[in-house]
Structure formats: structure tokens, C-alpha cells
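Read through the structure below, which is laid out as C-alpha cells, and then see the notes.
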Amino acid sequence: NQHIDLLVTPDKLVTQGIQYAPLLDYELVLMVANEHPLATKSFVVAEDLADSLLLTFPVAPARLDVFSQFLQPAGILPASKQIQSLEIMLQMVILNRGVTVLPDWLAREIADKEAVTICRLGLEGLPKTLFAAIRESDADINYIQEFITLSRCHQL
């Protein structure tokens, strides 16, 4: 309805009149407290999370890649708790009260400052891409093209 010029999203939904421009690649990773039993692993398999409390943002599990692309294909459904605030979620992880999944660029920034460990989700990881969703009719607008160009130059 012409309310949004550009949407940054990891989800490509097939919609008539909308095109997706890739902006940057990243990986979803598991963050655990340094004293968590999984902290010694360089990567985890879905079964490793069966007895964990998975802290998530308030989004339906079907829309979270950790569920749809990692846990559910393995038939694993750990206990989960939705947390509104990233800061509260991080404090719970630091205090070993749960684990969470975040983009690698954010997890690395946090791990540099806090007592947390990052583990890959599976041997190959869980790679993702952020896209700019734009109306096809707006694809040649200068400020939209400039945003896409700048976003591609700034890899996290």
C-alpha cells in the first residue's frame, strides 16, 4: 500500500510486484553460558538441545529458523520461553538459565564482552541471507539503490 519503501528481511516470500536484493550473508549460531555443558562443543546437533530451555523472541516457532530448519527436521522440540528483551535474554544465557540462537555477527559482539560461548548449529552451520524487499516499480530509485549498495559494502 505504498507505506514502506524497503523492507530488510531474511524471508523471501513470493509476492507479485516485489523483488528481493541480497544484502549480506550471516549464520545463525547457538549462544550458551561458558559453564554450560554444550560450551565445549564447536557445533551442536539438534539432539543436544533436547533438554535445554531455548530462549526466543516473541515469534511463532514456525517462523523461527532454528525450529523450522534445525530442530523440527530432527524431531526435536525443546522447552522454549519467549523473551521480549534482548538484554534479559542475554542475562538469562550468561546466568546459565537457558540458551539462545542469534546471528553470528551479534553473537560475536556479545561474546567479546560476556561469559558466553558460541556454537555452530550443525556441522555445516545454519547460513542465512538478509534481503532488501522492494517494489519492482521502485527498483531504480536512487536512494533505494544507494541503500542496497551501502549494505552490500558493509559486511558484518
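What the table below lists for this structure:
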| read-out | value |
| --- | --- |
| Surface/4 estimate of mean projected area, convex hull on alpha-carbon atoms of the range 38-79, nm² | 3.1 |
| Sequence-distant residues sharing a close amide H with Ser80 (under 5 Å, placed H) | Leu54 |
| Once the Cα gyration tensor of the chain is diagonalised, semi-axes √(5λ) in Å | 32, 17, 14 |
| Set of lysines with alpha-carbon distance to Lys12 below 26 Å, sequence-local pairs under 8 removed | Lys128 |
| Dipole magnitude (debye, nearest 20) for the chain, charges at Cβ of Lys, Arg, Asp, Glu | 260 |
| Solvent exposure of the range 90-156 as accessible area per residue, Å², 1.4 Å probe | 57 |
| Dimensionless Rg over Rh [the range 101-156; C-alpha; Kirkwood] | 1.14 |
| Cα→Cβ-extended label distance, 7 Å offset, between Leu150 and Trp105, nm | 1.4 |
| Percent carbon-and-sulfur accessible area, the chain, ignoring ligands, DNA and RNA, probe 1.4 Å | 54 |
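The values are calculated or read from the model by the stated rules, or taken from the named source; none is laboratory data. Just so you know, these numbers come straight off a predicted model, no measurement behind them. Every residue, glycine as well, gets a Cβ built from its backbone with ideal geometry; the counts of neighbours run over all protein chains shown. These accessible areas exclude ligands, DNA and RNA; they are computed on the full protein's heavy atoms, side chains included. Shrake-Rupley method; radii C 1.70, N 1.55, O 1.52, S 1.80 Å.
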